[in-house]
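Remarks on the structure that follows.
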Amino acid sequence: MVGRITELPMKDNTKLIAAGRPHQRHAHPVNMPVERASTILFPTYDDYLEGARTINYGRLGTSSHRAFEEAITALEGGFETRLAPSGLQACNAALLAFISAGDHVLMTDAAYDPTRKFCDNFLKRFGVETTYYDPMATREDIAALMQPNTKVIFAESPGSLTFEVQDIPMLATAAHAGGAVLIVDNTWSGGYFCKPIALGADVSVQAATKYIVGHADCLIGTITSADERIAKKIYYALLQLGSNVSADDAYLALRGLRTLSTRLQRHEENALALAKWLSKREEVGQIIHPAFKSCPGHGVWKRDYTGSSGLFGVVLKPTPLAEIKIFFNALKLFGIGFSWGGFESLCVHTHPERYRSATTWEADGPVLRFHAGLEDIDDLKNDIDNAFTAMANAQK
């Protein structure tokens, strides 16, 4: 049985350790055990009726799921959290919870591309129209885009590839004035550096696959609701979609959560050190990092965030593709791979210009997305330096 120790006043670092643990048992393990189940049995008819309101079938979760949900709710500062089998499913289910055929969605133009595809392909089939808005839009801009049938404003802050930091309080005000809800993809902050619900959002979504799991070995998403009305809509959307998460994945995510603050501190330190170092390299034209004044929305980041994570972008000076390939092939510590948030450093070549419709992305050179892992910072710098050297030698 999961305790309610999180009802006590605690700071985030303590919540990450104390929440979602079986404190109500006289003698209990430190970690919530994995409870796998499909069928749940009840000793009496009254217990059966009570089970209908709590844990009653494996697809709806076991104590392993409830423990992780409780911990995320405490971290995000919401009313309730539900789980999805991936971050994308969390985004999609959150959207589906609030829209019907013929409705309208306002989606940030800096959104994660699979979220865009869900709107442009899946939702469009059911008569749901999506309008993309500039992530740096003003209150007046958003008000002009709102329609009588607008049910959702969806934000992703910072943007997935270009790191614009969005004004969540402004978007919440605009959404609520038009009778819509605000959903925020909060993955970059890990739920630690930013609290969208406290800023006015109705739903905070995370790809917990990333910083919360932290070990690149589990896919899972979280959907945290601001109040009971919102929570019911999320619950029934997931229920009717037949969505479920394995108890093993819930366990891995909860275990990863315990070290979130410690890992994020190292990710932040390494990313800032790398970004500052890269900004002085002759190969680099621009750094895109919310903690840098040059990043769109930097002022909002200073106001609404308590720190920065390990993910940022770099625009190189004009460089032929052949030399970019040499750079990547020379990397030893930075893996070439999708996702981020694990203990390892990553680097990928991105193309933001391919995923814009309301705005235009223009850069003088190739855009690289770096994820600073937990390795020694000098080794990471040396790895990049060697890759730049290999690229330069190819020019001779």
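A short reminder: the numbers here are calculations on the coordinates, not readings from a lab. Please read these numbers as outputs of a predicted model, since none were measured by experiment. Every residue, glycine as well, gets a Cβ built from its backbone with ideal geometry; the counts of neighbours run over all protein chains shown.
Points to keep in mind about this one:
- Per-residue ³J(HN,Hα) for segment 110-124, Karplus 6.51 cos²θ - 1.76 cosθ + 1.60, θ = phi - 60°, Hz, x for Gly and Pro: 9, 5, 3, 4, x, 5, 4, 4, 4, 5, 6, 10, 5, 5, 4
- Inter-centroid distance (Cα atoms) of segment 150-212 relative to segment 70-98, Å: 12 Å
- Alpha-carbon centroid distance for the pair segment 290-355 / segment 103-135, whole angstrom: 24 Å
- Over the residues of the chain, the helix contribution to mean residue ellipticity at 222 nm works out to -10500 deg cm²/dmol, using -39500 (n - 2.57) for each DSSP H run of at least 4.
- Interchain or long-range residues, amide H under 5 Å from Val181's placed H: Val152, Ile153
- Per-pair calculated FRET efficiency, R0 = 41 Å: Glu362 and Ala143 via Cβ, rounded to 0.05: 0.90
- The HN-Hα couplings worked out from phi for segment 305-312 by the Karplus form 6.51 cos²θ - 1.76 cosθ + 1.60 (θ = phi - 60°) are 10, 9, x, 9, 9, x, 9, 7 Hz, whole numbers, x standing for Gly and Pro.
- Asp113-Thr262 FRET efficiency (beta carbon distance; Förster radius 41 Å; 0.05 resolution): 0.85
- Reachable lysines from Lys151, criterion Cα separation under 20 angstrom, eight or more residues apart if same chain: Lys117, Lys124, Lys232, Lys233
- For the chain: relative contact order, % (alpha-carbon pairs under 8 angstrom, 6 or more apart): 16 percent
- Highest-first packing order for the peptide set 381-393, 130-142 is 130-142, 381-393, based on the mean count of other beta carbon atoms within 10 Å.
- Each peptide in 226-235, 357-366 gets a packing score, the mean of other Cβ atoms within 10 Å over its residues, and the list from highest to lowest is 226-235, 357-366.
- Phi-based couplings in Hz for segment 29-45 (Karplus 6.51, -1.76, 1.60; Gly and Pro marked x): x, 5, 8, 4, x, 6, 10, 8, 6, 10, 8, 10, 9, 10, x, 9, 5
- Between the amide H of Ser160 and those of Tyr112, distances stay under 5 Å, these residues lying 5 or more places away or on another chain, with hydrogens modeled in the peptide plane.
- Ranked by how many other beta carbons lie within 10 Å on average, peptides 330-341, 92-103 from highest: 92-103, 330-341
- Long pairs among Lys210/Lys381; Lys210/Lys302; Lys276/Lys317; Lys195/Lys302, criterion Cα-Cα beyond 18 Å: Lys210/Lys381; Lys210/Lys302
- The chain - charge dipole about Cα centre, Lys and Arg +1 at Cβ, Asp and Glu -1, debye rounded to 20: 280 debye
- For Ile288, residues with placed amide H under 5 Å, excluding near neighbours: Gly313, Val314, Val315
- Modelled FRET efficiency - R0 45 Å, Asp379 with Ser100, Cβ distances, 0.05 increments: 0.30
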